[in-house]
Amino acid sequence: MEIDRKLLEHVAEVARLKLTEKETERFLPQMKELLEYFSQLKDIDTDNIKPSFQPVEMKNAMREDNEKECLSQDDALSLTEHKKDGYFKGPRAV
Amino acid sequence: MTIQNFISQIKNNEIDIVEHTQKVIEECKKLNQEYRYFNTISEELALKQANEIKKSVKNDDKNIKNKKLFGVAISVKDAICVKGVESTAGSRILEGYKPLFDATAIAKVKEEGGIIIGKTSQDEFGFGAFSVNSGFKIPKNPFDKERSCGGSSGGAAGLSQKLDNHIALGESTGGSIVEPSSFCGVFGLCPTYGLVSRYGLIDFGNSLDKIGPIGKTAEDVSILLGVISGHDPCDSTSSHKEKEDYSNFRKSCKGMKVGIIKEAFTGEVQEEVSEKINHGIDKLRDEGAEAEEISLELPIKYGIATYYMIATSEASTNLAKLCGMRYGASEKLEGSFNEYFTKVRSENFGTEAKRRIILGTFARMAGYRDAFYIKAMKVRTIMISEYKKAFKRFDALVSPTAPMLPPKFSEIEKLTPLQHYLADVMTVSPNVAGLPHLNVPVGYSNGLPVGMLLTGDHLQEKKLLQLGSVFER
């Protein structure tokens, strides 16, 4: 498994992270070492094995569709400065 | 004095709970200067709760009779939300975040009269084995300040060693309850996945995260587990198992069968550690348990790779929501959505958080997903079935909790990320399989504690407590 600078920068961008030059240089050999180590999973025969997305079996978890109290608009907006006219205010979309 | 005795004295008005709580808070402040166990001490909330308790004692309130934590100091890992108290999960990106609600575990603790004393220090989002990957405080080992408390619930474990009449709420994704408990010489119980609601826990890995207790004795952790467990409609993965009192476990291991994991005693395990664990196994035998070796190659050999692929994949999706809007750290609103999010995230996530986000994003990307993420989920299936086979023969499995004694900070600095991850070798697989596991302090080597890991089948917490009680002080 090869991870090069271009791929590392691409993955970071997908994850909305901008790495500094120093971070990129530091991460590149570390990622190579880690991914090589993780690649040993290929040695395990998993043909016809289903993936376990949970460690214990779970059925659909349903609840009654009842009305209940929820966070008020004021409370929901209370944790940020970025708000306007009862809405969250975000950065420019286009 | 046991916690049960302490609770009786509070109920009988033999201790003034307000004065007591004031003293506890002062002690915590002092400890914090020296050992850095708290990110936040919740003095105001603690005293408010203490005053309410005092009032109910004075009024001879009949409801207090059955309260299971009446007046007991409870510390909370910073990743668990407490209403109105800064809850950062050790990350700068959540600096200033004061949740508008209590996690279910916290609501249950409050209901039983537990007094919330503060938020304990940890690795950022739980990303670490030594509590050094923190945006805030790095806790110091109670036995040697040059050494680590372990992680990621480091502050919780260190405080549990130092503070009496207290139980801690920790959280584990890959070993973050038992490993620091081992390094700090206390009992830590990571319950079966789903037994304790995750509602209000700041996520790391959804299929891995568990809230659990850390305390001085098996009995202490059993009391808190009884309070926080139980089904919660707010967590869709919460177990439907009937509510149980864990504190009535039998304090004997006579007739129980334990399997000694052969592969856990070879390789990189320090001799001082395996020696103490072997003494511990002898003690279990002396007390009437049977112990024999079992080979479990997959969990030890492939546990780290399986765990880190699942954990980083889940973490990278969970952390996507932290982007400088609605709550937590923010910046001046400038640039486009992507520019703004990238700026906030790049400036506020720590190095290990960035590393794990990148690893997890990579493992889930088209072209790599089947080889890494899905592959790990399939290996998990095999691992669970291997454990299940073992539990047909044994009540519990034994290994060291950590392959080493608590390391010095100067030694940790020299570790590569892979070497850092390998410290979790004993603990990741029980977490991947959602199995309950308990750290039991079994002795000291050069003045540093050694912990034995007991792993049980799903929902068999009581068997672990039974075995662990043999080692109570």
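Every read-out reported here was derived from the displayed coordinates using simple, explicitly stated rules and does not represent laboratory data. Bear in mind the structure is a predicted one, so any value in this text is a computation, not a measurement. Neighbour counts are summed over all protein chains in view; Cβ atoms, including those assigned to glycine, are modelled from backbone coordinates with ideal geometry.
Side notes on the structure shown:
- At R0 = 41 Å, FRET efficiency that the Cβ-Cβ distance of B:His240 and A:Gln40 yields, to 0.05: 0.65
- Distance from the C-alpha centroid of the stretch B:107-181 to that of the stretch A:1-78: 25 Å, rounded to the whole angstrom.
- For B:Ile260, the residues whose amide H sits under 5 Å from its own are B:Glu292, B:Glu293, B:Ile294, B:Val398, ignoring neighbours fewer than 5 places away on the same chain, with H placed 1.01 Å from N.
- Put in line by how crowded their Cβ is, counting other Cβ atoms within 10 Å and starting with the fewest, B:His437, B:His240 read B:His240, B:His437.
- Remark on chain B: ratio of C-alpha radius of gyration to 2.2 N^0.38 Å is 0.93.
- For B:Gly255, the shell of other residues with beta-carbons less than 11 Å away shows a net charge of 0, using +1 for Lys and Arg and -1 for Asp and Glu.
- The Cβ shell under 9 Å around A:Leu28 holds other residues with a net charge of +1, Lys and Arg each +1, Asp and Glu each -1.
- Inter-part distance where the stretch B:306-374 and the stretch B:400-447 are each reduced to a Cα centre, Å: 26
- Spin-label model, B:Arg250/B:Gln4: points 7 Å from Cα along the beta carbon direction are separated by 1.7 nm.
- Total formal charge among the other residues, if their Cβ is under 10 angstrom from that of B:Gly154, Lys/Arg +1 and Asp/Glu -1: +2
- Structure-based [θ]222 nm, the protein assembly as shown - -39500 (n - 2.57) summed over DSSP H runs of at least 4, per residue, nearest 500: -12000 deg cm²/dmol
- Each residue in B:Ser8, B:Ser134, B:Ser152 was given a count of other beta-carbon atoms within 10 angstrom of its own, and listing them fewest first yields B:Ser8, B:Ser134, B:Ser152.
- Shape of the stretch B:122-196, Cα gyration tensor, a/c cut at 1.5: oblate
- Bridgeable lysines around A:Lys42 (alpha carbons under 27 Å apart, same-chain partners fewer than 8 residues away excluded): A:Lys6, A:Lys32, A:Lys50, B:Lys262, B:Lys301, B:Lys354, B:Lys375, B:Lys378, B:Lys388, B:Lys389.
- Integer Hz, Karplus 6.51/-1.76/1.60 couplings in order for the stretch B:59-64, x for Gly and Pro: 7, 6, 4, 5, 5, 6
- Helix runs (DSSP H) in chain B reaching 15 Å along axis by Cα, Kyte-Doolittle at least 1.6: B:218-228
- Neighbouring partner chain Cβ atoms per residue of B:292-303, average, 10 Å criterion: 1
- Among the chymotrypsin sites (Phe, Trp or Tyr not before Pro) in the stretch B:34-132, those located in a DSSP loop and surrounded by at most 16 other Cβ atoms within 10 Å of their own Cβ are B:Phe101.
- Charge dipole of the protein assembly as shown about the Cα centre (unit charges at C-beta), most positive-ward option of B:Pro436, B:Leu422, B:Asn318: B:Asn318
- Inter-probe distance in nm under a simple model that places probes 7 Å from Cα toward Cβ, at B:Glu290 and B:Glu26: 5.6
- Per residue, the convex hull spanned by the Cα atoms of the stretch B:353-472 measures out at 126 cubic angstrom.
- Dividing the C-alpha radius of gyration of the stretch B:246-299 by 2.2 N^0.38 Å, with N its residue count, gives 1.31.
- Exposure proxy ranking, count of Cβ atoms within 10 Å, fewest first, for A:Asp65, B:Asp282: A:Asp65, B:Asp282
- In chain A, excluding the sites themselves, the longest stretch lacking any of the trypsin sites (Lys or Arg not before Pro) that are in a DSSP loop with at most 12 other Cβ atoms within 10 Å is A:1-58.
- Taking the Cα atoms of the protein assembly as shown, the ratio Rg/Rh between the radius of gyration and the Kirkwood radius comes to 0.96.
- Inter-chain Cβ neighbour count for A:12-23, averaged per residue, equals 6 (cutoff 10 Å, partner chain atoms only).
- Label-zone membership for the stretch B:388-423, site B:Lys262, 7 angstrom Cα→C-beta point, backbone N under 19 Å: B:388-400
- Only Lys, Arg (+1) and Asp, Glu (-1) charged, at Cβ; the protein assembly as shown dipole about Cα centre in debye: 560
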